[in-house]
Amino acid sequence: MRYPARFKPLIAIGLIAAATLLAYGAALRLPFFFDDLQHLVWLRGQTLGSILVSEAGRPYYRPLQFLAWKLYETIFGNDSALAYHALNVFLHLVNACLVMLLARRLSDQKDRWWPAALAGLIFVVFPFAYQVVPLPASLTHPMATLFVLLALLAYDRFQTTGRYRWLMAALGCALLAFLSNESSFLLAGLIAVFVFMRSPRDRRWLWIGLFVLLAAIYYLWYHNQQADSSGTVALRGLEPVLQNSIYVLEGLTFPSQPLGQLLMDRGLGDQLAVVLVAVITLAVLAGLFFRARLFRRFVFGVVWYGLCLAPAVVLLSHNYLINSPRLMYLGSVGAALMWASGVEAVWGRDSFRPLRRLAAVILAAAILIPSLVFVRQRMDLYTLTTAPFQSIIAAADGAPPTDRLLFVNLPAWAGPARNWYPIGHEGVLLLYRDISLDDFLQANTGHTLPAGAVQFDNVSEPQAYYYGIYGPSLNWDALGAEIRQADRVYLTRYAPEHIELVEAGRVANTAAPAQSGVATFGDAVVLEEATWTTCDNQLTVRLNWSAAPGSDWHVFVHVLNPDGTLAAQHDSPPLLGLYPFWQWSQGDQVEDVHPIDVSQLPRDRAYTLAVGLYDPGNGQRLMPLTGAGEQPADRAVRIGQFSLERAQTACD
C-alpha cells in the first residue's frame, strides 16, 4: 500500500511515538528515586541565579536541567514526579524524531522514509537508555542530545542555504548543549564528521572553528565553577581504558551481543566474548556497507559513537562506567544510524529481490524486538521495586507529622537473575547510603517524617531476581529496640511477581489490664481487642495483645467458610515475625497486623474469623478462655464475621 508523500513523515512520527510509549510509558507512574533525590535536595537551597553561576558541592556543572526544574518549582510551587518523568519521555521521543531527520539528511534515497523511521525506532529502544528515560536526574543526557542534534541540523541548513541565521541558531544550540552536559564538548567533531558525509559543494569546513572556539571558551567557564569531581574524572591507565573500550563496543554492537552470553556459557571470558562478537559483527556490517556503496554511513555511525564515548573511556573508572550505561545515550545516535543503514544495505537500492528484502525485515525485527523486550523488562523491574515506595508515600500522607515510621527490608537495588549482555550491570538502583528516607519523603510528598529504614535478614527470602536491602543490618535485639521506638512498623515482602509494603503493627508501652479482653491464652497471653477491614481484596486483621515475655507462640488467623472449612489463613509471630513474643518487654501491648489475600474467595457468603496461638515446634494449639468463659473445642477464638459482598472495594 502506497501513501501520499506528505503522510509518510506523519506515519513515521506516529510509529516512533507509539514505540516510545510502549517502551517507557510505565515511567510516568514512577516516583522520584535514586539520583533524583540527591538533585532535589541540592536544588532546595538554590535560586535561579545561583544555579547558573555556581554548582558548589555538585560533581558537575550542568545548570540547564536545574534551571528547568527550578523554573517549574517556582511557577507551580513544588516538584512533580509526573511532570519530570513526562519531560524525559517527551524529550526521548523528540530526539528519536530528530534522529530520523538526521538519517534523512544522510540518505541519497529521498523517496524512502522507512530507513529514517527505522533509525528513530532503533534509537527509541536502544537498550542502555533504560537508565536515562525513567530517571529525571538523567535529564541532562536527553537535553544535551536534543541540542546537539538541533545544532547539527541547523548547521546543515547553513551549509545548503548559506544563511547565517542558521549558523547563529547552530551556535546557540551548541551553547545550550554545553550547559546541559559536558559530553557535548566534542560537538565540533560531530559536525566535522557530518560535513564529511555531505557532497563537496555543500561542505563548509571553516565555520566549524567557531564551535571549537565556543567549546574552549565554555570549558574555561566550566572549569572555574565550584564543581567537585575529584576522584571521579581522571586520566586512566591502559588497562581500564581497554576495559572501558570493550564495554562501549558492546553498546555499539548491542543487537548481536546476547550471543556473548552463550559463549560465556561455554567457558569464554566476558571481555573476550564481547570482542569476538563485536569484531565479527562489525566485519560483516562493513562488508555489507561496502558492497551497497554505503560505507561512509558505516564510518559515520562508528565515528559518531566513538567520539561521544571517548571521554568516558579515558577519564572514568571501569566500575563507574559499567554502572552508568546512561553515558551511551548521545552515542546511541550513531549506533541507531549505523544499524538502520545496515538494514537498508541488506534491502538493496533498486531491483526487487524478495529474499534480500525478507532478510532485511528479519534483521530489523532482530534489532527492534529483543531491544524492546529488554527495555520493557527493565521497566517492569522499576515498577516492581518502586511499588513499596509508592506505599511509603501513601503511608506518610496519612500519618500524623510527629509519628516515627519504621520500614524493614526496603529494596535498594534489584537485578535480573541472568544478564542479557556479557558486561555491565543491568539492574535498577533505587536508594544508596548517602540518601536518607527523609530525602525521599521530602521529594515525593513535600514534607518529612521521622522515618527510618533497616535491614533484617531473618525474614528475607531469595527470589527469581537479585535484590539488595536499604539501611543498616540489625540483629534481633537492635531490631526490637527500633520497633519499640516506632509509632508504626512496615515490612517489605518479596514475591516472584510483586514486592509489597505491608503494615506489621506497633508496640504501645502501656500496661494492659489484667485478665480482660476477647480471650486469654494460658497464663501469659491476652487478646485484648480484634478488629478487621477489607480493602482492595485484602483483609487486614488487627489483634491487640498483651503478654509476659519469654514465650514463643505463633499467631494464626483463619478465614472459615460457613461449613467451618478453611478458606484462607495467615500465620506468623507478632508483627509479621519481626517482634515474636520472646522479644517482648514487660508491659508491652502490641497491635499485631495480619494481612490476608481474599481476592480468590467467593463473594456470596459470610465468613468467620478465628484466632489462636500454637507451638511452632509441634503445632499444638494453646487452649484459650474467651471473655464469656468458654473454651473452644478447636482452640480457636471466633472473633466475628464478614462478607465480601458488603466489603469496601477501595481504600479510604
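What tally of residues in segment 521-580 results from selecting those that are over 23 Å from residue 617 (Cβ atoms), of a type in the set (Ser, Thr, Tyr) and touching a residue at least 24 places away in the same chain (Cβ under 8 Å)?
Pass one, segment 521-580, residues over 23 Å from residue 617 (Cβ atoms): 528-542, 544, 546, 559-565, 567-568.
From the residues that got through so far, the ones that are of a type in the set (Ser, Thr, Tyr) too are 531, 533-534, 540, 546, 565.
Right, trim to touching a residue at least 24 places away in the same chain (Cβ under 8 Å) and you get 533-534, 540, 546.
So the answer is 4.
So that you can scan it fast, the table gives a plain yes or no per residue for (1) of a type outside the set (A, V, I, L, M); (2) over 32 Å from the mean Cα position of the chain (by Cα); (3) farther than 21 Å from residue 424 by Cα:
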residue: 268; (1), (2), (3): no, no, no
residue: 274; (1), (2), (3): no, no, no
residue: 290; (1), (2), (3): yes, yes, yes
residue: 303; (1), (2), (3): no, no, yes
residue: 317; (1), (2), (3): yes, no, no
residue: 323; (1), (2), (3): yes, no, no
Can you name the condition, by its number, that residue 49 falls short on among (1) more than 26 Å from the chain's Cα centre (by Cα); (2) closer than 16 Å to residue 139 by Cβ?
(2)
Within segment 538-551, take every residue that is under 41 Å from the mean Cα position of the chain (by Cα) and under 15 Å from residue 590 (Cα atoms) and give me the one that is surrounded by the most Cβ atoms within 10 Å (Cβ to Cβ).
545
So which of 637, 593, 559 ends up being farther than 20 Å from residue 517 by Cα and surrounded by 19 or more Cβ atoms within 10 Å (Cβ to Cβ)?
559
Pairs under 9 Å by beta carbon, first residue at positive phi in segment 438-459, partner among the charged types (D, E, K, R) and assigned to a loop (DSSP other than H, G, I, E, B), six or more apart or different chains?
446/79
Select from segment 5-35 the residues that are of a type in the set (Phe, Trp, Tyr) and in a helix (DSSP H, G or I) and list them in ascending order.
7, 24
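We did not get these values from a lab; they are worked out from the coordinates using the rules stated. Keep in mind that what you see is a predicted model, and the values were worked out from it rather than measured. Positions of Cβ are generated from backbone atoms using ideal geometry, with glycine treated the same way; all protein chains shown enter the neighbour counts.
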